[in-house]
């Protein structure tokens with residue numbers, strides 16, 4: 001059990017590390033990077049908030065045995081659409 | 001058709017493998033702009049919704065580029081253009097800076113050290129269990145909570161900076177550049193990124209791993225090699 005918990009912890013750290021690099025680093029060619037939520041353009045999102053929320057969600061998902069952190073998972077990293 | 005930008009390489013770099021797939025399973029192709037070669041892929045929409053899968057797929061393309069032998073200049077996720085012509089125009093406008101960045105990163109890769117700090121949770125619990133809280137007014141309890149949070153943040157910052165300096169000393173001979181950040185939530189941790197020559201990865205890992213014996217380290221994780229996202233800026 002101790003080893004399984006340690007493995008989950010490592011998976012979360014690795015994924016959090018990847019998200020931090022890919023979403024918040026890297027060369028920017030054309031000014032602000034624009035990503036969208038519910039078809040609304042959001043400029044200069046508070047990516048630290050997104051990453052923290054994503055990490056928290058991943059920890060909760062792992063705790064309840066949610067497979068959403070697996071390779072086939074595709075959970076949105078931003079808040080759900082309004083009204084949902 | 002919109003295109004998604006993954007990374008940049010020199011014009012003479014190897015093209016992506018024909019079987020390589022990027023975000024949403026799209027093929028990866030080369031788009032030439034002056035003396036640059038951009039790895040790009042067709043996209044359904046200009047504004048992308050970030051997901052774990054899409055982030056992984058973006059990074060996979062960069063990892064393949066890195067494995068080809070030439071260090072790519074990785075694009076931040078979400079760099080999309082309405083047409084290839086728009087992408088080429090933007091790249092050519094910054095060609096000199098982008099080529100300089102490729103030259104600066106040649107032969108180097110990014111390594112990461114992720115340190116989860118020990119002691120912060122225990123200290124926070126000890127402060128929270130102060131029995132005098134039960135007799136305090138709501139206002140005083142609130143201020144005490146603020147005071148505890150500030151104390152813990154200062155504790156985490158001091159601990160993290162000590163470990164960052166210790167790590168820097170351990171790996172100094174193998175590192176060209178360093179950047180780090182300290183986080184207090186959801187867990188107290190130090191995240192360090194290093195720019196390391198490809199032929200120094202083994203001694204780097206060995207040196208960085210010795211940090212595990214330091215007081216204040218709960219978990220240490222060494223990751224990489226990655227395309228150098230943390231050192232890819234062309235500003236300034």
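Which pairs do you get when a residue that is within 17 Å of residue B:61 (Cα to Cα) and more than 7 Å from chain B (Cβ to nearest Cβ), found in the stretch A:12-27, comes within reach of a residue that is modelled with pLDDT of 85 or more and not in a helix (DSSP H, G or I), reach meaning Cβ atoms under 6 angstrom, with the pair 6+ apart or on two chains?
Qualifying pairs under 6 Å: none.
Filter the stretch B:211-236 down to the residues that are assigned to a helix (DSSP H, G or I) and closer than 18 Å to residue B:159 by Cβ, then identify the one that is farthest from the other protein chains (Cβ to nearest Cβ).
Here the residue is B:213.
Scanning for something surrounded by fewer than 18 Cβ atoms within 10 Å (Cβ to Cβ) and within 11 Å of chain A (Cβ to nearest Cβ), does the stretch B:70-78 turn up at least one residue?
There is no residue in the stretch B:70-78 that is surrounded by fewer than 18 Cβ atoms within 10 Å (Cβ to Cβ) and within 11 Å of chain A (Cβ to nearest Cβ).
In the set B:46, B:61, B:40, B:30, which member is surrounded by fewer than 22 Cβ atoms within 10 Å (Cβ to Cβ) and either within 12 Å of another protein chain (Cβ to nearest Cβ) or in a loop (DSSP other than H, G, I, E, B) (or both)?
Result of the check over B:46, B:61, B:40, B:30: B:46.
Tell me which of these residue B:102 doesn't satisfy, since it passes every other one: (1) modelled with pLDDT of 95 or more; (2) farther than 30 Å from residue B:163 by Cβ; (3) more than 8 Å from chain A (Cβ to nearest Cβ); (4) not in a helix (DSSP H, G or I).
If we test residue B:102 against (1) modelled with pLDDT of 95 or more; (2) farther than 30 Å from residue B:163 by Cβ; (3) more than 8 Å from chain A (Cβ to nearest Cβ); (4) not in a helix (DSSP H, G or I), just (4) comes out false.
Condition (residue is in a loop (DSSP other than H, G, I, E, B), without any contact (Cβ under 8 Å) to a residue 24 or more places away in the chain and in contact with a strand residue (DSSP E or B) (Cβ under 7 Å, 6 or more places away or on another chain)) applied to the stretch B:70-86: is it met by at least one residue?
No; the residues of the stretch B:70-86 include none that is in a loop (DSSP other than H, G, I, E, B), without any contact (Cβ under 8 Å) to a residue 24 or more places away in the chain and in contact with a strand residue (DSSP E or B) (Cβ under 7 Å, 6 or more places away or on another chain).
Just one of (1) within 25 Å of residue B:230 (Cα to Cα); (2) part of a loop (DSSP other than H, G, I, E, B); (3) in contact (Cβ under 8 Å) with a residue 24 or more places away in the chain trips up residue B:8, so point out which.
For residue B:8, the exception is condition (2).
The values are calculated or read from the model by the stated rules, or taken from the named source; none is laboratory data. Given the structure is predicted, the values throughout are model-derived calculations rather than measurements. A quick note on method: Cβ atoms are made from the backbone with ideal geometry, for glycine too, and the neighbour counts reach across all protein chains shown.
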